[in-house]
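Visitor: Sharing a structure, written as structure tokens. Questions coming.
The values are calculated or read from the model by the stated rules, or taken from the named source; none is laboratory data. What you see is a predicted model, and the numbers here were worked out from it, not measured in a lab. Don't worry about glycine lacking a Cβ; one is built from the backbone with ideal geometry, like all the others, and counts go over all protein chains shown.
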Amino acid sequence: MIIQSKLPQVGTTIFTVMSRLATEHNAINLGQGFPDYPMSEELIALVNEAMKNNFNQYPPMPGWIPLREAIAEKASFLYGANIAPDTEITITPGGTYAIYSALTAILHPGDEVIVFEPGYDSYIPNVEINGAKAITIDLLYPGYGIDWPAVQHAITPKTKAIIINSPHNPTGSVIGEKDIEELRKIVAGKNIFIISDEVYEHLIFDDIPHQSILRYPDLLQQSFVCFSFGKTYNCTGWKLGYCVAPEALAKEFRKVHQFNCFSCFTPTQVALAKYLQNKEAYLSLSSFMQQKRDYFKQLMQQTKFTMSNSYGSYFICGTYEHITDEADTDFAIRLTKEAGVATIPVSVFYRSGKDDKVLRFCFSKKEETLERAVEKLSRI
Ligand code: PMP
Ligand code: GLN
């Protein structure tokens, strides 16, 4: 049988490739973004309790109602947003799925979507599988801010959406109020949707406020805002998230969702509805992760890598230009095999493979893991 591939350019994601290589070579995995420390015992107990209490059948298609209510309350508390839990929140199996469903709901063949690079690797395939075209714009190296004049220049009558991501994977950059103003100038009064990937909303450092689209009712009117519980509660394997969108947009989103997944795992939704009441659990995450960023950055001074800054996410980038001029993909593989530390080469987050000799390091790890990794890296 011959399949005419819908994604001819796509191979296996770098996260799978590097995690597999890390396992094969018994390397410390600072590649794929996931914590190596345990999640909350209390939250685990709540899932257990939900299962024992027979919350094991299908929940409503858009998600467990008390969870949607708790999310609406949280959005009001954090961002002053007025979100209707019944019509504007849909629980999804993770943030990636929410982004995919939003794009699938709005895109038609020939549409254009603005995507920033480097960027999370699912965006472009998500656009292309829907027959649309990704128009890529490079973030400004080395600070990785958004080049707004370039965005303005890239807008055409075919522009259907713009994907933003703050805090940003892979660079740890964040958007500020000025970016929001620029975004507003570009989309106001136009039929351009915003897909806002906010999975790292609680991983933002140095007391910088997270510029959630939920703060801006005018922008929210044309947005799908995507979140992930995996990042917020140190349980990336749970694959549970949600999308906030105004009713008319959520209606189309749910048409895609109901015939793809229909509804998500019930026990975690029941547990999270309760656990979201504990504000401290999500409010404390930023300082917890900031300490890890600071510790890792300080340790990395023992090495020949030059680290950039990270203002959010699990990640920090560093250049190895003082070590070698190898391609970043080759160096990342060699580093895994020979030094025993897996990272992610940043060129894979560019469609063109642009190689600035930068690697992405994941610091959401135990201190002891970071110490062992840096000890190995300092021998390079
Ligand atoms: N967006 C970005 C930028 C991410 O880094 C991730 C991490 N996987 C996701 C979305 C997706 O999260 P989830 O695992 O909930 O699908
Ligand atoms: N978001 C995570 C990362 O960037 C992993 C996602 C994945 O494995 N698909 O590392």
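Visitor: So, in the stretch 22-44, of the ones that are within 13 Å of ligand 2 (Cβ to nearest atom) and in contact with a strand residue (DSSP E or B) (Cβ under 6 Å, 6 or more places away or on another chain), which residue ends up nearest to residue 268 (Cα to Cα)?
Guide: 33
Visitor: Just to be sure I understand the filter: pairs with C-beta atoms under 8 Å, separated by 6 or more residues or on different chains, first member in the stretch 82-100 and in a helix (DSSP H, G or I) and modelled with pLDDT of 95 or more, second member among the β-branched types (Val, Ile, Thr) and surrounded by 24 or more Cβ atoms within 10 Å (Cβ to Cβ). Which pairs pass?
Guide: These pairs meet every condition: 88/244; 95/199; 98/90; 98/92; 99/163; 99/195.
Visitor: Criterion first (without any contact (Cβ under 8 Å) to a residue 24 or more places away in the chain and more than 16 Å from residue 341 (Cβ to Cβ)) does residue 291 satisfy it?
Guide: On the way: without any contact (Cβ under 8 Å) to a residue 24 or more places away in the chain: yes; more than 16 Å from residue 341 (Cβ to Cβ): yes.
Answer is yes for this residue.
Visitor: If you take the residues in the stretch 49-93 that are among the polar types (S, T, N, Q) and under 23 Å from the mean Cα position of the chain (by Cα), which one is nearest to ligand 2 (Cβ to nearest atom)? It would help to see each step written out before you state the result.
Guide: So in the stretch 49-93, the residues among the polar types (S, T, N, Q) come out as 53-54, 56-57, 76, 82, 87, 90, 92.
Narrowing further to those that are under 23 Å from the mean Cα position of the chain (by Cα): 76, 90, 92.
On the way: 76: 28, 90: 21, 92: 15 Å.
Here the residue is 92.
Visitor: Assuming residue 82 fulfils every condition listed in (1) within 20 Å of residue 213 (Cβ to Cβ); (2) touching a Leu at 6+ places or on another chain (Cβ under 8 Å) apart from one, which condition is it?
Guide: Every condition holds for residue 82 apart from (2).
Visitor: Turning to a different aspect of this structure: Which residues, taken from the stretch 352-370, are farther than 16 Å from residue 323 by Cα and surrounded by 15 or more Cβ atoms within 10 Å (Cβ to Cβ)? Give the derivation first.
Guide: Initial filter on the stretch 352-370 (farther than 16 Å from residue 323 by Cα): 352-354, 361-370.
Selection gives 354, 361, 362, 363, 364, 365, 369, 370.
Visitor: Filter the stretch 197-215 for residues that are assigned to a loop (DSSP other than H, G, I, E, B), more than 16 Å from ligand 2 (Cβ to nearest atom) and either under 17 Å from residue 71 (Cα atoms) or in contact with a Cys (Cβ under 6 Å, 6 or more places away or on another chain) (or both) and give the result. It would help to see each step written out before you state the result.
Guide: Taking the stretch 197-215 and keeping what is assigned to a loop (DSSP other than H, G, I, E, B), we get 198-203, 205-212.
Those left that are additionally more than 16 Å from ligand 2 (Cβ to nearest atom): 205-212.
210, 212 - these are the residues of the stretch 197-215 that are assigned to a loop (DSSP other than H, G, I, E, B), more than 16 Å from ligand 2 (Cβ to nearest atom) and either under 17 Å from residue 71 (Cα atoms) or in contact with a Cys (Cβ under 6 Å, 6 or more places away or on another chain) (or both).
Visitor: Mind listing whichever residues of the stretch 1-15 are free of Cβ contacts under 8 Å to residues at least 12 places away in the same chain and within 16 Å of ligand 2 (Cβ to nearest atom)?
Guide: Correct list: 11, 12.
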